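> My questions will all concern the structure given below.
The values are calculated or read from the model by the stated rules, or taken from the named source; none is laboratory data. Being a predicted model, the structure only gives us computed values, none of them experimental. As a convention, Cβ positions derive from the backbone with ideal geometry for all residues, glycine included, and neighbour counts pool all protein chains shown.
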There are 2 protein chains.
Amino acid sequence: MELTQALQQIQPSYIREILSDAQAEGVISLAGGLPDGNTFPIALMEQSLKSLPERPALFQYGHTAGFAPLLDYFREQYQLLENHQALVCTGSQQGLDLIARAFVNPGDKVVMEAPSYLGALQVFGLAQANVISVSQQADGPNLEELEACFANQAPKLFYAVPDFHNPTGVSWSLAVRHKVAQLCQQYGVTLVEDVPYRELRFKGEMLPLVSSFCPDQALVLRSYSKIAAPGMRMGVVTGKDEWIAPLIKVKQCADLHSSVPMQAVLLDLLRHPHFDQHIATLRSIYQERYQCLAEQLRAKLPQGCAFNEVEGGMFIWVTVPECDDFALAKAALKNKVAVVPSTVFYQQGEKITPALRLNFTNATVEELAEAVDRLVTVIKAECGVK
Amino acid sequence: MELTQALQQIQPSYIREILSDAQAEGVISLAGGLPDGNTFPIALMEQSLKSLPERPALFQYGHTAGFAPLLDYFREQYQLLENHQALVCTGSQQGLDLIARAFVNPGDKVVMEAPSYLGALQVFGLAQANVISVSQQADGPNLEELEACFANQAPKLFYAVPDFHNPTGVSWSLAVRHKVAQLCQQYGVTLVEDVPYRELRFKGEMLPLVSSFCPDQALVLRSYSKIAAPGMRMGVVTGKDEWIAPLIKVKQCADLHSSVPMQAVLLDLLRHPHFDQHIATLRSIYQERYQCLAEQLRAKLPQGCAFNEVEGGMFIWVTVPECDDFALAKAALKNKVAVVPSTVFYQQGEKITPALRLNFTNATVEELAEAVDRLVTVIKAECGVK
């Protein structure tokens, strides 16, 4: 049976491929985007999980938009405007997919920073969007490029990860946030603000959401995979009613609604008096690992390599000398350290910066140090640098 | 922001509309497709639910295809062929949506019996399929029409609900099952066999799956919403590897994977030594309600109305004299009984049989008797019959 034209153009995910090899005996994996399973707030969810058998109503069909008490919590917690609402999703990945299905016709223009989150590239690829890249700088997207793109190409959406970008770890400055919000309003481009790593800030001050400066021109995707647990598949999309309503219509086709027991457990967790403490602990664990990885890289990276300091999130982006980044990642895997080559974060045919994405949340400090040693050996050999 | 062309043509679900009115004080609802919440096997899931805090690995990211032990169970339980596999879905609704997204280009031909499951009409509508209807008879689709359609129109898929069809309750005979399988093979049409009600047989013998006669020409959708609990959102699609692989690719975009804790609880339930007894109890409760509703209808339906006896499932289909079935359903709601008018189960512009779908699984026998009295009053008044 022939695949749809849309699906024919989707490449298999290299990350998925490498991830299975990355699980081989003795390999230290910095390739995935996994939170540390030991940090999951299981203790804070225990009572809620154990109470599920006493709450049989949670097992009946639910509303497509979500479990009402959870929606109420979101309204209050995120201070949603009167004309805004929330839609619970099966992970924020689903929220992004619903947005593409509701608003992106084949050929519609969608802007992203390059490099980009792979899951977004896949979603917009499946929607057959015309994806336009703008380059990313240390404090966010190149604003001149962005404005020229908005002015000349009239894109429909701008997909962005302003807090601790995946894969680069870049966090937008306050000035960039203001300017992007203004440009979205001026040119009528909808901002899709994806903030899965927002709470994972271990340095500096939390900056306002970009969408807080243009609430009626934005859809916001929040994930509970990093601060609660990814296996539950919980996310939420918020925005004005007239934009959420079509997403609900698509979600009705997609899965009717998300698991109600999981929604109830998430709500109990978010309301738990120790949840803030859990986040604080998570930040400090990840900070320690980041500092270890950064120190190791500073001390050991060979000539022609560089990385940007980050203030949170899960990733460090190491640029390497001109080389075949795929071959480099494969050689690293042979030397028992798994990383992701930059090519997978770009559209096919796009000019790439040779680089490697290193995750620091799912390995111990001892493993991170050993991983850098293994990686440096390979970079020196493959790139011919000292 | 303008909606996609695909979404613009999707009608809002009348069922969703009527369901909110159906929850008003004093209304007896036979409108939904809800299982009885009191029958949920919560007791059989209790130990599993309570053990979740001791199984933290279930809260990490999982494989897109599903929780490995559950996939193993499916392979054995459903005796999957060597070249076949299973994909766990966020409800079987998602399985159907994935099939449409992987295989149906806009304009591709999809065959369905008329009337049809509303959720399938919506999914194929969103895929912009060219939906072709064949009429349904007491023992399944009209085979002459079906063969002519396969021969002349070369459709890609035939979507079917051979066990206790929604909305009509029709179950295909063994002869029809053989013939449809043969036609699918002969004309190279893929059968999508959706069997959410299959286990809810309270009379007669379980017949083989249609797909058992053409396994390599079929995809099978199973749901755990009727025999476990719908709030968990658990379903599975099975078929040959080369057709499941693209579904996995789409699911990766759609929600990465389904809730792992829910998959683990489902597996424990399916393996529970008393699960078969649970199904037997469910059947006998639903049988009693069906018999009550059928007796009431036999005794009280006015001239020009008829209904077909069913051997399982959740619905009775009552045909009524020529009338505006929407107006009839609205009048019924005013008289405090909610039912679904037949129009919603047909494509727009299609010739409909005026009828009402009555659910018998979510009301007590006392409520069912009272509901029939209220409904009969309205039919007599609206259709001018005695």
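> If I filter the stretch B:363-378 for residues that are assigned by TED's automatic domain parsing to the domain that holds B:A306 and touching an Asp or Glu at 6+ places or on another chain (Cβ under 6 Å), do I get at least one hit?
No; the residues of the stretch B:363-378 include none that is assigned by TED's automatic domain parsing to the domain that holds B:A306 and touching an Asp or Glu at 6+ places or on another chain (Cβ under 6 Å).
> Out of all the residues in the stretch A:337-373, which are of a type in the set (K, R) and surrounded by fewer than 18 Cβ atoms within 10 Å (Cβ to Cβ)?
Of everything in the stretch A:337-373, just one residue is of a type in the set (K, R) and surrounded by fewer than 18 Cβ atoms within 10 Å (Cβ to Cβ), namely A:K351.
> Can you find a residue in the stretch A:94-113 that is at pLDDT 95 or above, more than 25 Å from B:Q5 (Cβ to Cβ) and away from chain B (no Cβ under 13 Å)?
yes
> Which ones in the stretch A:276-300 are surrounded by 20 or more Cβ atoms within 10 Å (Cβ to Cβ) and either more than 20 Å from the chain's Cα centre (by Cα) or within 23 Å of A:S48 (Cβ to Cβ) (or both)?
Step one: list which residues in the stretch A:276-300 are surrounded by 20 or more Cβ atoms within 10 Å (Cβ to Cβ), which gives A:282, A:286, A:289-290, A:293.
If the condition is that a residue be surrounded by 20 or more Cβ atoms within 10 Å (Cβ to Cβ) and either more than 20 Å from the chain's Cα centre (by Cα) or within 23 Å of A:S48 (Cβ to Cβ) (or both), then A:L282, A:L293 are the ones that fit.
> Using the structure shown, decide if A:V344 is assigned by TED's automatic domain parsing to the domain that holds A:I285, farther than 18 Å from A:G304 by Cα and touching an Asp or Glu at 6+ places or on another chain (Cβ under 7 Å).
Taking the combined requirement at face value, the residue does not satisfy it.
> Could you check the stretch A:182-193 and list, in sequence order, the residues that are away from chain B (no Cβ under 14 Å), under 16 Å from A:G140 (Cβ atoms) and more than 20 Å from the chain's Cα centre (by Cα)?
A:Q182, A:L183
> Report the residue count in the stretch B:271-312 for those that are hydrophobic (A, V, I, L, M, F, W, C) and within 25 Å of B:T377 (Cα to Cα).
10
> Which residue, of A:A329, A:A363, A:A371, is in contact (Cβ under 8 Å) with a residue 24 or more places away in the chain, touching a Phe, Trp or Tyr at 6+ places or on another chain (Cβ under 9 Å) and not in a strand (DSSP E or B)?
On the way: A:A363 fails: touching a Phe, Trp or Tyr at 6+ places or on another chain (Cβ under 9 Å); A:A371 fails: touching a Phe, Trp or Tyr at 6+ places or on another chain (Cβ under 9 Å).
Every option except A:A329 fails the conditions.
> Now for a separate question. Which of the residues belonging to the stretch B:160-180 are outside any loop (DSSP other than H, G, I, E, B), out of contact with any Gly (no Cβ under 8 Å at 6 or more places or on another chain) and in contact (Cβ under 8 Å) with a residue 40 or more places away in the chain? Explain how you work it out, then say what you get.
Residues of the stretch B:160-180 that are outside any loop (DSSP other than H, G, I, E, B), as a first pass: B:160, B:174-180.
Next, only the ones that are out of contact with any Gly (no Cβ under 8 Å at 6 or more places or on another chain) stay: B:160, B:174-175, B:178-179.
The one that is outside any loop (DSSP other than H, G, I, E, B), out of contact with any Gly (no Cβ under 8 Å at 6 or more places or on another chain) and in contact (Cβ under 8 Å) with a residue 40 or more places away in the chain: B:A160.
> Anything in the stretch B:332-360 that is without any contact (Cβ under 8 Å) to a residue 24 or more places away in the chain and in a strand (DSSP E or B)? List them, or say none.
Hits for the stretch B:332-360: nothing passes.
> Within the stretch B:233-255, which residues are touching a Lys or Arg at 6+ places or on another chain (Cβ under 7 Å) and either outside any helix (DSSP H, G or I) or of a type in the set (D, E, K, R) (or both)?
B:G235, B:V236, B:D255
> Looking at the stretch A:32-57 only, could you name the residues that are more than 8 Å from every other protein chain (Cβ to nearest Cβ), under 30 Å from the mean Cα position of the chain (by Cα) and under 13 Å from A:M262 (Cα atoms)?
Scanning the stretch A:32-57 gives a single hit, A:S48.
> Sort out which residues of the stretch B:2-21 are modelled with pLDDT of 90 or more, among the aliphatic types (A, V, I, L, M) and outside any helix (DSSP H, G or I), and write them in order of number.
Within the stretch B:2-21, just B:L3 meets the criteria.
> Here is a further query. B:A120 versus (1) touching a Pro at 6+ places or on another chain (Cβ under 8 Å); (2) within 19 Å of B:T238 (Cα to Cα); (3) within 14 Å of chain A (Cβ to nearest Cβ); (4) among the small types (G, A, S): which is the lone unmet condition?
Just one mismatch for B:A120, condition (1).
> Return the total of residues in the stretch B:127-159 being over 23 Å from A:C253 (Cα atoms) and either in contact with a Gly (Cβ under 9 Å, 6 or more places away or on another chain) or not in a strand (DSSP E or B) (or both).
Summing the residues that are over 23 Å from A:C253 (Cα atoms) and either in contact with a Gly (Cβ under 9 Å, 6 or more places away or on another chain) or not in a strand (DSSP E or B) (or both) in the stretch B:127-159 gives 15.
> Okay, moving on. How about the stretch B:263-275: which of its residues are over 21 Å from the mean Cα position of the chain (by Cα) and assigned to a helix (DSSP H, G or I)?
Passing the criteria: B:A264, B:V265, B:L267, B:D268, B:L269, B:R271, B:F275.
> Pick from the stretch A:26-64 the residues that are charged (D, E, K, R) and part of a loop (DSSP other than H, G, I, E, B): which of them is nearest to A:E199 (Cα to Cα)?
A:D36
> Continuing with the same structure: Please pick out the residue among B:R289, B:R283, B:R298 that is at pLDDT 95 or above, in contact with a helix residue (DSSP H, G or I) (Cβ under 7 Å, 6 or more places away or on another chain) and charged (D, E, K, R).
Answer to the check: B:R289.
> Would you check which residues across the stretch A:194-232 are within 13 Å of the chain's Cα centre (by Cα), within 14 Å of chain B (Cβ to nearest Cβ) and either more than 21 Å from A:P155 (Cβ to Cβ) or assigned to a helix (DSSP H, G or I) (or both) and list them?
A:P196, A:S223, A:Y224, A:S225, A:K226, A:I227, A:P230
> Any idea which of (1) within 11 Å of another protein chain (Cβ to nearest Cβ); (2) hydrophobic (A, V, I, L, M, F, W, C); (3) surrounded by fewer than 23 Cβ atoms within 10 Å (Cβ to Cβ); (4) in contact (Cβ under 8 Å) with a residue 24 or more places away in the chain is the one B:M1 doesn't satisfy?
Evaluating B:M1 over (1) within 11 Å of another protein chain (Cβ to nearest Cβ); (2) hydrophobic (A, V, I, L, M, F, W, C); (3) surrounded by fewer than 23 Cβ atoms within 10 Å (Cβ to Cβ); (4) in contact (Cβ under 8 Å) with a residue 24 or more places away in the chain leaves (4) as the failure.
> What about A:Q23, is it more than 9 Å from chain B (Cβ to nearest Cβ) and at positive phi?
Judged against the criteria, A:Q23 is not a match.
> Being of a type in the set (S, T, N, Q) and closer than 19 Å to B:T168 by Cβ is the filter here, so list the residues in the stretch B:297-314 that pass it. Full working, then the answer.
To start, the set of residues in the stretch B:297-314 that are of a type in the set (S, T, N, Q) comprises B:303, B:308.
Passing the criteria: only B:N308.
> Among what's in the stretch A:79-103 and is in contact with a Lys or Arg (Cβ under 7 Å, 6 or more places away or on another chain) and outside any strand (DSSP E or B), pick the residue that is surrounded by the fewest Cβ atoms within 10 Å (Cβ to Cβ).
A:N83
> If we keep just the residues of the stretch B:256-300 that are without any contact (Cβ under 8 Å) to a residue 60 or more places away in the chain and of a type in the set (D, E), which is nearest to the other protein chains (Cβ to nearest Cβ)?
B:D276
> So, one more: Quick one: is A:Y73 of a type outside the set (A, V, I, L, M) and closer than 13 Å to A:Q263 by Cα?
It is true that A:Y73 is of a type outside the set (A, V, I, L, M) and closer than 13 Å to A:Q263 by Cα.
> Can you tell me which of (1) within 11 Å of chain B (Cβ to nearest Cβ); (2) closer than 29 Å to B:P35 by Cα is the one A:L71 doesn't meet?
The failed condition is (1).
> Let me ask you something else. Could you list, in sequence order, all residues of the stretch B:337-366 that are basic (K, R) and at pLDDT below 95?
B:K351
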